[in-house]
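Trainee: Questions regarding the structure given below will be posed in turn.
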Amino acid sequence: MNPRQRKGIILIFFTIVGALVTFGLVLSYVNSVASQVGPMTTVVTLTRDVESLTSLTEADVEVKEVPKRWAPNGALHSFKETSGLVTAGTYHKGDMLQSGMLESPPGLQSGYREVAIIVDAETGVAGKISSGETVDIIATVEDPNTKAQQANVVVENAVILDVGVTTDIKEKDESGNFTDEKGVPVTFALSTQDALKVAYAESFAVKVRLALRGEGDDSALGPDSTQYGGGSAPAPATPETPATGKGGN
């Protein structure tokens with residue numbers, strides 16, 4: 001075999017090796033594309049930011065087709081799967097909805113009542129409270145004799161069921177004149193005893209305020225942190241049931 005023949009055989013060998021490498025790369029690329037495009041499925045994504053306990057409408061979501069390998073196991077595949085459910089937390093536009101992100105709407109447990117009160121828009125954490133959050137209900141009461149005021153925590157850790165729209169309300173000032181104020185109707189889930197306390201406070205307190213609790217904060221307040229102020233103003237309490245009179249002369 002002369003040098004020219006040997007050179008030709010070497011060139012043929014490297015050509016075959018190069019062809020095999022190129023074929024392997026092309027096959028790998030095709031398999032990669034097939035796995036990404038491959039079988040398709042639908043997922044439900046949000047079209048806007050939503051707060052906790054939001055009941056979704058069709059305008060709030062978008063159904064998209066994505067490769068099946070990209071969809072998590074618990075992904076929702078149609079808007080019908082959101083029927084009768086509310087969001088379990090705060091989510092953002094573009095988030096892909098999964099089964100754990102939705103839950104049944106909160107209902108009243110046995111022994112609880114829905115109680116709605118009007119809260120001053122300026123002192124009631126206006127615009128910052130929403131359904132599902134918890135607050136402390138604080139009432140400021142005034143001693144009728146000394147005019148000394150004292151703030152008391154009437155109910156701790158009250159669950160908000162609904163927050164209404166800000167409306168105009170009439171308030172009587174110290175001179176007896178009525179002034180226009182902004183109020184927000186807030187509905188709570190309260191035990192019967194707490195419902196009576198809130199009703200009493202709304203009727204006789206100078207002002208009722210809400211103190212928004214941080215997420216996950218359900219700790220009880222200590223005895224030294226439930227009231228503040230001078231004087232001996234009475235704390236709003238549950239009105240006692242009048243004793244039943246007995247017959248006689």
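The values are calculated or read from the model by the stated rules, or taken from the named source; none is laboratory data. This structure is a prediction, so every number in the text was calculated from the model and none was measured. Methodologically, a virtual Cβ is constructed for each residue, glycine included, from the backbone with ideal geometry; neighbour enumeration extends over all protein chains shown. Remember, those area values only see protein heavy atoms, side chains included, never the ligands or the DNA or RNA. Shrake-Rupley method; radii C 1.70, N 1.55, O 1.52, S 1.80 Å.
Trainee: Taking segment 15-32 as the region of interest, how many residues are at pLDDT below 80 and open to solvent by 60 Å² or more (accessible area, probe 1.4 Å)?
Mentor: 3
Trainee: Testing residue 54 on (1) open to solvent by less than 80 Å² (accessible area, probe 1.4 Å); (2) more than 45 Å from the chain's Cα centre (by Cα), one condition comes back false. Which one is that?
Mentor: Every listed condition holds for residue 54 apart from (2).
Trainee: Regarding segment 117-136, can at least one residue be identified that is out of contact with any strand residue (DSSP E or B) (no Cβ under 7 Å at 6 or more places or on another chain), at pLDDT 80 or above and in a loop (DSSP other than H, G, I, E, B)?
Mentor: no
Trainee: State the number of residues belonging to segment 82-100 that are modelled with pLDDT of 90 or more and of a type outside the set (Ser, Thr, Tyr).
Mentor: Qualifying residue count for the region: 7.
Trainee: While we're on this one: Those residues that are open to solvent by 10 Å² or more (accessible area, probe 1.4 Å), in a strand (DSSP E or B) and in contact with a Gly (Cβ under 9 Å, 6 or more places away or on another chain), I need them from segment 153-166; list them, please.
Mentor: 159, 161
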